[in-house]
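Student: Quick one: the structure is below, questions incoming.
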Amino acid sequence: MKPDRPALALLLLFVSGFCSLVYQTLWVKQLGLVIGVDVYAVSIVVSGFFFGLGVGSFYFAGVAQRSANPRRLYAQLELATATASLLTLLLLWLGAPLYVAIEAYLGRIAIALLWLIIAIPAVFMGGTFLALLRYYRTDKRRLGQSVGVLYGANTSGAIIGTITTPFVLIPLMGVIGSGLFAVSVNLVLALLAAQLLLPKLVGSEVSAERSVGTQGRHIIFVLYSLVGFSAIAYEVIWGQMIIQFLNTRSHAYAVMLAVYLAGLAVGNLLMSRRVDAIKNTWQTFSLLILTAAASALFSIVLVNAEVLEIQRSVGALVYQWTGQLGFRMLAQFLFISFFFIFVPTCCFGALFPVAAKISDGNAKQGTLSSGYALATNTLGGVVASLLFGFWVIPALGLINAVVAVTVLLCTIACIALYHARCSRHVLPAFAASLLLIVSLAVSMPRDKFAQLLVNQEGGELQYFAEGVGNTVAVIQQGEGDREFRRLYIEGISNTGDVMASLRYMRLQSYIPLLVFNGQPRSALVIGMGTGITSGALLNYPALETLEVVELLPEVVAATPYFQGNYAVYDNADIGITVGDGRHKLLRDPQRFDLITLEPPPPTAAGVNNLYSSDFYQLCKTRLTPNGVVAQWWPISTQSLAASRSLVRAMLDSFDYVTLWTTELHEMLLVGSMHPMSVDIARIENIMHYPPLAESLREIGINSPEALLATYMMNKEGLEAFAGDAKPVTDNFPRLEYDSWTSKKVILDVLPELLSKQQELTAVPPARRKAYHFEQEKLHAFYLAGLSVYSGDRETWAEMLKRLYRADNQNAYYNWFRVDQ
């Protein structure tokens, strides 16, 4: 029995689309390890993927059109895709040292090599759709229906690939395992095409000659390239705009992209059913463009606090039904993504069958014209991703970028309508709609999203900048002596200069310096943030070299707005570099006595790269013989299992590891290949240095005993905590793809750590009483904090009152006084 040709073609394209998005997701992840998570570098290389698709569509359009055996062509393309993708996967995994060596000679031009490595497999991917379109239409199916159905199947597979890669594949198989799985699937597709699609096309090959196109057919390729430009421009805009209503985790980006692809697929499938019956395709093309412009604009105009409240309500309802925080967050992500993205992308998706029909007026060269339409559309998108990502949004801002795309879409709609033979009653309605859209676009307040953030978070806006792929804001909150400023990146609070942050960030610098075995002379801080961690190092008298690496220039520009950083941003003796911290370690052979970090939360996209055992192995090559790595461990941002893996990565990398508690919600892991020194006399001597002593007093460390009371345990105690947990690695980024959890996870983590706290034997007998007294006060404060998470605020208030009676001179404890 012969296989059903349409069903097989749809199945193959579905699975092929799945593999393509698996590869894209994995390669972006791998590129972050090779060139850093620098947005310029990643965006340039991602554009190589789409460039490859565009070139493949252009080249294989003619090849498929001429082919008398497209199923063989498809099998060959899948085999080539599998081979090239496997090579790309391995080159990116093993090629970081080689890339750094090449970069040392060629500079940033070296990124062109990575661009080429990504583009080559994408060229073959770009041809698979056209080969199956040629195969599918051998029974003279109508072009519009064929294109829509096949493209819809391909995009539907891409949706599944987008979702399953971060939610299923990487957590289960790791990055390399997921890539090998996709390669295997490509090979199976090639085998299926070769063995199951048995009927060979009957008849002679189609002539390679192109028929003479009409002016309209030439125009449609130009306009459809501008549609691709506009669609990707909006993807870039939405990626920066919507993320502040989502989260900075990889899951949020995946959901947003899945909704984008879903809109394209639905639009394709709906239009494919009726496109061949449409008589005035130019008019349909024009109206779809105008609808896309209007729907994209209206969602931005209408979003307000009420919409965001509905988003939270939807999440709360799903949580009530399921009891799962992950489903709650997923529901919130889906709601806001559909609100902004779905309708306009439906319109963009519906345009493909229409454009294919217009471009193939006589329906004799459907594969060729569809391939050219895809190629021009994709290449237009490549230009938009670079132009809007790197220049338009940073230079003009998000709202002005929206205005620019809106004007472009309205212009496309006008040109298309000019080619349409529409009735007179259409023109007035079209003109009125056009006027309304443009009027709304130019009248939108340019600070809409800044004010929306302030309305959501409260406070007063101090700083707001829209950079390349990010939005950074500083908001002043609180009042009186409780006034502080908070740093928001992508709408998510990352840190601030509130007392709790001030304390843990200063201790991230002071503790490793004070337990360093010898006299530390140099330090590297990865992540500038508020500048508090790097600023604290200025108070250490013996430090001669201080370097800071910050990924976002907008964060560096925001540093002057924060207190307690000792104007580190304005110190000529400090080297501040904008770039990826891990990539600096990879390419710069300089060694440091201390490497300390102030990154975003560990579960944020890309931050796993700074917590993996692979990263620690790199750090060890950049440490002096007695050098130490001080790693921030927030205990309420990831699951207990993920915290155990976080600790395991450090334990597997360093011979000596100690744990210190820097604040209720924060711990500090200090690792070294040599024993560290806890000498109370030396610590006391250093603490007599006035700037350092005052800096410590401001965060509640009034004595050496108070500092030593923050000691939790050595490597033996940490081994007991980590147990048999698997480490965080580059291949298994367990933090980035951790399950969703609430801050109440602190109720599981902190009590266990406190129960395992060890006695610091280095404290001499004469000072043990004072040491134990400081420990007891700190424990009381922590237990009071835990009672808040348990919902017992009365116990919290009572315990704090007792604490203040015992010590009313501690700035840290006093900041939380219940009578103020």
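The values are calculated or read from the model by the stated rules, or taken from the named source; none is laboratory data. On a predicted model such as this, the values are computed, not experimentally measured, just so you know. Using ideal geometry, Cβ is built from the backbone for each residue, glycine included, and neighbour counts are taken over all protein chains shown.
Student: For the range 711-758, how many residues meet the condition of being closer than 24 Å to Pro599 by Cα and either free of Cβ contacts under 8 Å to residues at least 12 places away in the same chain or of a type in the set (D, E, K, R) (or both)?
Tutor: 9
Student: Could you pull out the residue among Ala473, Ala450, Ala432 that is out of contact with any strand residue (DSSP E or B) (no Cβ under 9 Å at 6 or more places or on another chain) and either closer than 17 Å to Phe298 by Cβ or surrounded by 14 or more Cβ atoms within 10 Å (Cβ to Cβ) (or both)? Even if it seems obvious, please write down each step before you answer.
Tutor: Numbers: Ala473 fails: out of contact with any strand residue (DSSP E or B) (no Cβ under 9 Å at 6 or more places or on another chain); Ala450 fails: out of contact with any strand residue (DSSP E or B) (no Cβ under 9 Å at 6 or more places or on another chain).
Residue meeting the stated conditions: Ala432.
Student: Could I ask something else about it? From Trp660, Trp632, grab the single residue that is more than 21 Å from Leu585 (Cα to Cα) and aromatic (Phe, Trp, Tyr). Step through it out loud before you land on a result.
Tutor: Working: Trp632 fails: more than 21 Å from Leu585 (Cα to Cα).
None of the other options fit; the residue is Trp660.
Student: Residues in the range 398-411: is at least one over 32 Å from the mean Cα position of the chain (by Cα) and not assigned by TED's automatic domain parsing to the domain that holds Leu150?
Tutor: Start the filter on the range 398-411 by keeping residues that are over 32 Å from the mean Cα position of the chain (by Cα), which leaves 411.
From what's left, not assigned by TED's automatic domain parsing to the domain that holds Leu150: 411.
Checked against the condition, which is being over 32 Å from the mean Cα position of the chain (by Cα) and not assigned by TED's automatic domain parsing to the domain that holds Leu150, the range 398-411 yields at least one hit.
Student: Okay, moving on. Would you mention how many residues in the range 736-777 are modelled with pLDDT under 95 and aliphatic (A, V, I, L, M)?
Tutor: The qualifying residues number 5.
Student: Among the candidates Thr621, Thr596, single out the residue that is surrounded by fewer than 24 Cβ atoms within 10 Å (Cβ to Cβ), among the β-branched types (Val, Ile, Thr) and more than 16 Å from the chain's Cα centre (by Cα). Before you say what the answer is, go through the steps one by one.
Tutor: Details: Thr596 fails: surrounded by fewer than 24 Cβ atoms within 10 Å (Cβ to Cβ).
Answer to the check: Thr621.
Student: Check Asp276 against each of (1) surrounded by 22 or more Cβ atoms within 10 Å (Cβ to Cβ); (2) more than 28 Å from the chain's Cα centre (by Cα); (3) of a type outside the set (Lys, Arg) and name the one condition it does not meet.
Tutor: Evaluating Asp276 over (1) surrounded by 22 or more Cβ atoms within 10 Å (Cβ to Cβ); (2) more than 28 Å from the chain's Cα centre (by Cα); (3) of a type outside the set (Lys, Arg) leaves (1) as the failure.
Student: In the range 762-820, which residue that is in a loop (DSSP other than H, G, I, E, B) and among the β-branched types (Val, Ile, Thr) is farthest from Thr741 (Cα to Cα)? Outline the logic, then answer.
Tutor: Step one: list which residues in the range 762-820 are in a loop (DSSP other than H, G, I, E, B), which gives 762-764, 790-792, 807-810, 816-820.
Remaining after also requiring among the β-branched types (Val, Ile, Thr): 763, 818.
On the way: Val763: 38, Val818: 28 Å.
Among them, the one singled out is Val763.
Student: Suppose we filter the range 730-750 for residues that are of a type in the set (D, E, K, R) and within 27 Å of Leu618 (Cβ to Cβ); how many remain?
Tutor: Narrowing the range 730-750 to residues of a type in the set (D, E, K, R): 730, 734, 736, 738, 743-744, 748.
Now restrict to residues that are within 27 Å of Leu618 (Cβ to Cβ): 730, 734, 736, 738.
Count: 4.
Student: Any idea which of Ala536, Ala567, Ala557, Ala542 is assigned by TED's automatic domain parsing to the domain that holds Ser501 and surrounded by 19 or more Cβ atoms within 10 Å (Cβ to Cβ)?
Tutor: Values: Ala567 fails: surrounded by 19 or more Cβ atoms within 10 Å (Cβ to Cβ); Ala557 fails: surrounded by 19 or more Cβ atoms within 10 Å (Cβ to Cβ); Ala542 fails: surrounded by 19 or more Cβ atoms within 10 Å (Cβ to Cβ).
Within the list Ala536, Ala567, Ala557, Ala542, the selection yields Ala536.
Student: Return the only residue of Leu778, Leu735, Leu750, Leu760 being of a type outside the set (S, T, N, Q) and touching a Pro at 6+ places or on another chain (Cβ under 8 Å). I'd like the intermediate steps shown before the answer.
Tutor: On the way: Leu778 fails: touching a Pro at 6+ places or on another chain (Cβ under 8 Å); Leu750 fails: touching a Pro at 6+ places or on another chain (Cβ under 8 Å); Leu760 fails: touching a Pro at 6+ places or on another chain (Cβ under 8 Å).
The unique qualifying residue is Leu735.
Student: Where in the range 1-111 are there helices (runs of 4 or more DSSP H), lying fully within it, with 2 or more residues that are assigned by TED's automatic domain parsing to the domain that holds Phe181, over 30 Å from Gly469 (Cβ atoms) and touching a helix residue (DSSP H, G or I) at 6+ places or on another chain (Cβ under 6 Å)? Reasoning before the result, please.
Tutor: Values: elements: 5-34, 39-66, 70-94, 96-106.
Here the list reads 5-34, 39-66, 70-94.
Student: Just name the residue that is nearest to Gly606 (Cα to Cα) out of those in the range 237-253 that are in a helix (DSSP H, G or I) and either at pLDDT 90 or above or polar (S, T, N, Q) (or both). First the steps, then the outcome.
Tutor: Quick first cut of the range 237-253, residues in a helix (DSSP H, G or I) only: 237-245, 250-253.
Then drop every residue that is not either at pLDDT 90 or above or polar (S, T, N, Q) (or both), which leaves 237-238, 240, 244, 250.
Values: Ile237: 20, Trp238: 20, Gln240: 16, Gln244: 17, Ser250: 8 Å.
Among residues in the range 237-253 that are in a helix (DSSP H, G or I) and either at pLDDT 90 or above or polar (S, T, N, Q) (or both), the one nearest to Gly606 (Cα to Cα) is Ser250.
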